[in-house]
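Input: a single structure, listed below in structure tokens.
The values are calculated or read from the model by the stated rules, or taken from the named source; none is laboratory data. These numbers come from a predicted model, not from an experiment. So basically every Cβ, Gly included, is an ideal-geometry build from the backbone, and we count neighbours across all protein chains shown. Accessible surface areas use protein heavy atoms only, side chains included; no ligands, DNA or RNA. Shrake-Rupley method; radii C 1.70, N 1.55, O 1.52, S 1.80 Å.
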Amino acid sequence: MTRNAIKQLDDATIGRIAAGEVVERPAQVVKELVENSLDAGSTNINIVVEGGGFSRLSVQDDGHGIPRSELKLAVNRHATSKLRTSEDLSKIGTLGFRGEALAAIGSVSHLRIESKLADEEGSFIEVKDGEILPIGPVGKSIGTRIEVKDIFASVPARMAFQRRPSTENAAIVDVVLAYALAHPEVGFSVKVDDRIVLSSPGPTTPESRLYDVLGGSSERLIPLVSPDSDESAPGEERWRGWISPPSVDRGRSDDIHVFVNNRAVASTPFLQSIRKGYQTRLMVGRHPVCVLFLDMPNDEVDVNVHPTKREVRLQNSWRILERLERGISHTLLSVPTGAPPSENFPLGSVGTVEKIPKEYPNESNQPAWIEAATSVQTRFNQPVSPNLNSENLRPRPVSHSPAVQEILPGLDSMPISPALSVAERALHRYSSTGDPVSPISEPEFNGPVTDVPAMEPLSQFADTYILAQGGDSLFVVDQHALHERIRYERLRNDMSSWESQPLIHPLEIDLTPSQKGLIEANRELLSELGFKFGTDSVKEIHSVPRLLLGDKRLKGFIRDLLSDINESDSMVLDSVDRLQDEIAFMKSCRGAVKANQRLELAEMRRLLADMSTIENPWACVHGRPTVLKMDISQLDDHFGRLG
């Protein structure tokens, strides 16, 4: 192979190389231009898109504009108004800062910039495939309008790898929606192929903007509330925003929006902390809806680590991620798991037992039982008849039943939860092989006190569900799911310290040189986890945690643990956390009372009493609800007692 001489590239080639890093697709162009508009102090930003942005796109704002004398400089590489010295890179407070976006866009398209300041006439400049054309006058209002036509038309190789216009339209709308969430003080509109797809005027409240972006599902989101202890914790970083209850979930993580100092960033680095915050409140493979804002000092975040600025590097990232996890866990403490009552399924998840309202929306003159009798399907959640007088209300007695009731009529034959996944079926096959532990024989657990309605067990249904009365409600409790959750919380809490078990004969493990070095450098940490390695040869394992004794996963876990130590800045090692979860998960399932197992009333009472000692009694370890509720007002209305 012959040697080629080193040569200086020409400006056109340099521009296209830069465009390849900064201008991946039309959506990225919109992102750069919207960021410039926000940095310019705009209060209204209008985006127009044609042909997926490949034919034409424009971004118009009412910001402070660009002077005529700076227009030519604005389309040169590395010319910016946002930096003065290299030290400014360590405390960037604007969305844009490199000064290369307009030059990169102009090198692969026909770019036109029109701008006007309050005290001078409007001017425009054009750049066509890297060639800067003369500046001219233009009539326009205060602000800037940037139009990009025929992007990548002069670069067929780049165009060949672009996606369909419809896909790009969706990506552009997603970009604008993200910044609309972060900036409710700014109005946004998006027109795609002469069709308005977003119109969100500003300024508005964050809650109103949330509704504009997410629609009706935003009404079920919960404000993120961090525990009081976080206020006195080290660091100035703070999380705020909204998260969904466990009953609102998605099949993908697309509806997780994360902002760092109001800059939209990729959610991937935060997903693990979000999952830990939800713990087992979500079903396997499901994702929450989150809009999360991280506010922190500018000098503690490095935004200059990715060409498109979608990734950032955070100082003390472990501390920030743990704050997020704690905040989500704390917020969900008061949130029940499961769906609310609906017309087709009246048994809802457990929340606060509400009093019967004094006013009722049903204006029908017929008693409710007539409507129920003539309907095709019995409905438990019909409106309460208006003839009910609150003066006639009296406390309902609490039922007691020593006998087992075997039938509960009127239940829907369809289950409330989806079928078990393959992994969950395998887990339940494993759990069926163990001997169940009676709730009475288990030790007391002095856990957190959770607000649970006082319940009196009545009997079992099908030897699987506990029927209990609590206040004016009937509760149907899945005995296996509840016992499984109680045992999980106990076992998870008891596994925080790993007891070391010396081995009669040392085990040998094959290690790379870097793994050996990690063991030497972290002997104290590994010892706290129950591992002791040979003094002369770290390949010899002399002690292991009791919970891994005889486990075939031992060597694989050690390798995962070393990798975790090498990569993690966190005080909590993910591999250790996963193993604790897994073992508590398996043991809780194996020892829990089973479906089709008859329980004594004393055992039922113990299960119901233990609900108040765990943080989340409303969901099993798979994320499915453990308790369903039917209010007595629904039964009275169905049987015509209120008519």
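Per q in 0.23, 0.25, 0.31 Å⁻¹, report the Debye log10 I(q)/I(0) for the range 573-619, using one uniform scatterer on each alpha carbon and no solvent.
-1.00, -1.06, -1.12
So what is the accessible area of the range 170-277 per residue, in Å², with the probe set to 1.4 Å?
That works out to 45 Å² for each residue.
So if each residue of separation counts as 0.36 nm, and I subtract the Cα-Cα distance between I142 and A454, what length gain in nm does that give?
Details: separation 312, 0.36 × 312 = 112.32 nm, distance 6.51 nm.
Gain in length upon complete extension: 105.8 nm.
Which GluC sites (Glu not before Pro) in the range 192-280 pass both tests, a DSSP loop state and at most 16 other beta-carbon atoms within 10 Å? Numbers along the way, then the final one.
Working: sites: E207, E219, E231, E236, E237; in loops: E236, E237.
Hits after loop and neighbour filter: E236.
Output wanted: per-residue J couplings in Hz (rounded whole) for the range 196-201, from phi through Karplus 6.51 cos²θ - 1.76 cosθ + 1.60, θ = phi - 60°, x for Gly and Pro.
Working through the residues one at a time gives 6, 9, 8, 9, 10, x Hz.
Would you work out what percent of the accessible area of the range 188-298, with all protein chains in place, is carbon or sulfur (probe 1.4 Å)?
48
So for the range 197-263, Kirkwood radius off the Cα pairs, Stokes-Einstein at 37 °C and 0.692 mPa s: how many µm² s⁻¹?
Once the numbers are plugged in, D ends up at 231 µm²/s.
Could you run the Karplus curve 6.51 cos²θ - 1.76 cosθ + 1.60 with θ = phi - 60° over the range 112-126 and give me ³J(HN,Hα) per residue in whole Hz, x for Gly and Pro?
Result, ordered by residue: 10, 10, 10, 8, 8, 8, 5, 10, 8, 6, x, 9, 9, 9, 10 Hz.
Leaving out ligands and nucleic acids, and using a 1.4 Å probe, what accessible area per residue does the range 33-138 come to in Å²?
Accessible area per residue: 44 Å².
Could you give the spread of the C-alpha atoms of the range 451-509 along their three principal axes, from largest to smallest, in whole angstroms?
Cα extents, longest axis first: 62, 28, 16 Å.
Using packing as a proxy for protection, rank 509-517, 292-300, 104-112, 623-631 so that the peptide with the highest average count of other Cβ atoms within 10 Å comes first.
104-112, 623-631, 292-300, 509-517
Compute the distribution of all C-alpha to C-alpha distances in the range 165-206, in bins of 5 Å from 0, and list the percent of pairs in each, rounded to whole numbers.
6, 23, 31, 21, 12, 6, 1
Within the range 510-625, what whole-number % of the accessible surface is contributed by carbon and sulfur, with the 1.4 Å probe and all protein chains included in the calculation?
Summing carbon and sulfur atoms, their accessible area is 47 percent of the total for the range 510-625.
Could you sort 582-590, 131-139 so that the peptide with the highest average Cβ count within 10 Å comes first and the rest follow in order?
582-590, 131-139
Got a sec to turn the phi values of the range 605-618 into Karplus ³J(HN,Hα) couplings, 6.51 cos²θ - 1.76 cosθ + 1.60 with θ = phi - 60°, whole Hz, x for Gly and Pro?
Working through the residues one at a time gives 4, 5, 4, 5, 5, 5, 4, 6, 9, 10, 5, 10, x, 8 Hz.
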